[in-house]
Amino acid sequence: MAEVIELKAQAREGTGKLANRALRAQKLVPGVVYGGEKSPANVTLEYRHVWQHYQTGHFLSTVYLLDIDGKKERVIPREVQVDPVRDFPIHVDFLRVSKSSRLEVEIPVHFTNEEASPGLKRGGALNIVRHSVELSCPADSIPDHITVDLTGYDIGDSIHISAVKLPAGITPTITDRDFTVATIAGAAAQISEEAAEAAAAEKSE
């Protein structure tokens, strides 16, 4: 589960493109904190700190303790604007959260036990349909990832979300269908061989 990490920020007064451009020239990232019963607050953060967390790939699914000039609030990044050319963060929106909050978060999918999949051992390929899944999670227990166990899956099998063991209290946001997370596809050579065997069997009947 993701732990609460402290992130320092400073309140800011200036807004608009010129003010934001000046902040970025000082290696600062402008942001806004919103939600809860408080008014939105404009903040700045050191670019190096934002980049350190952003490049982990878990920035948008991590709850932080944002220290704004000594006043601390639990927040989660909800949107990051990036430079279109250099792909580094230039603005961050934070949402205030409480321990009782539930959040819809994209969580990465990891796959394990490839060696225990008969289909993969026979030359099949893992076809990942969803590299991440949107889940409804308590704010204080957002998982870093969910794990799909490939044990026993053969060529032609599909792995649906119902087969994935999710942590307690966490549910998919898609509830109207048992969607596919991955499939075990046959390699082209394997498919051709099986088709030839099937055709031969039909002729001999």
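The values are calculated or read from the model by the stated rules, or taken from the named source; none is laboratory data. Just so it is clear, the model here is predicted, and its values are computed rather than measured. Cβ atoms come from the backbone with ideal geometry, glycine included; neighbour counts cover every protein chain shown. Heads up: the accessible areas ignore ligands, DNA and RNA and are worked out on the full protein's heavy atoms, side chains in. Shrake-Rupley method; radii C 1.70, N 1.55, O 1.52, S 1.80 Å.
Here Leu95 fulfils each of the conditions (1) open to solvent by 30 Å² or more (accessible area, probe 1.4 Å); (2) touching a Ser or Thr at 6+ places or on another chain (Cβ under 6 Å); (3) outside any loop (DSSP other than H, G, I, E, B) apart from (2). Taking the criterion of being open to solvent by less than 40 Å² (accessible area, probe 1.4 Å) and either touching a helix residue (DSSP H, G or I) at 6+ places or on another chain (Cβ under 7 Å) or at pLDDT 95 or above (or both), the residues of segment 132-145 that qualify are Val133, Leu135, Ser136, Ile142. For segment 65-116, taking the residues that are more than 20 Å from the chain's Cα centre (by Cα) and of a type in the set (Gly, Ala, Ser), the one that is farthest from Ile5 (Cα to Cα) is identified as Ala116. Inside segment 30-67, residues that are surrounded by fewer than 18 Cβ atoms within 10 Å (Cβ to Cβ) and part of a helix (DSSP H, G or I) make up a count of 5.
Going by the conditions given, is Glu115 part of a helix (DSSP H, G or I) and open to solvent by 60 Å² or more (accessible area, probe 1.4 Å)? Full working, then the answer.
On the way: part of a helix (DSSP H, G or I): yes; open to solvent by 60 Å² or more (accessible area, probe 1.4 Å): yes.
Here the answer is yes, as Glu115 does meet what is asked.
Going through segment 11-29 one residue at a time, which ones are open to solvent by 70 Å² or more (accessible area, probe 1.4 Å) and either touching a residue at least 24 places away in the same chain (Cβ under 8 Å) or assigned to a helix (DSSP H, G or I) (or both)? Glu13, Thr15, Lys17, Leu18, Arg21, Arg24, Ala25 - these are the residues of segment 11-29 that are open to solvent by 70 Å² or more (accessible area, probe 1.4 Å) and either touching a residue at least 24 places away in the same chain (Cβ under 8 Å) or assigned to a helix (DSSP H, G or I) (or both). In segment 16-26 there is no residue matching the filter, namely being at pLDDT 90 or above and either under 23 Å from the mean Cα position of the chain (by Cα) or farther than 27 Å from His145 by Cβ (or both).
Among residues of segment 105-116 that are of a type in the set (S, T, N, Q), those with a Cβ under 6 angstrom from a residue that is in a strand (DSSP E or B) and open to solvent by 30 Å² or more (accessible area, probe 1.4 Å), sequence gap 6+ or separate chain, pair up as Thr112/Thr147; Thr112/Asp149; Asn113/Asp149.
Looking at Val129, Val63, Val105, Val97 in this structure, which one is in contact with a Lys or Arg (Cβ under 9 Å, 6 or more places away or on another chain), closer than 30 Å to Asp149 by Cα and either at pLDDT below 95 or aliphatic (A, V, I, L, M) (or both)? From the options Val129, Val63, Val105, Val97, the qualifying one is Val63. The residues of segment 117-148 that are within 10 Å of the chain's Cα centre (by Cα) and charged (D, E, K, R), listed by number, are Glu134, Asp144.
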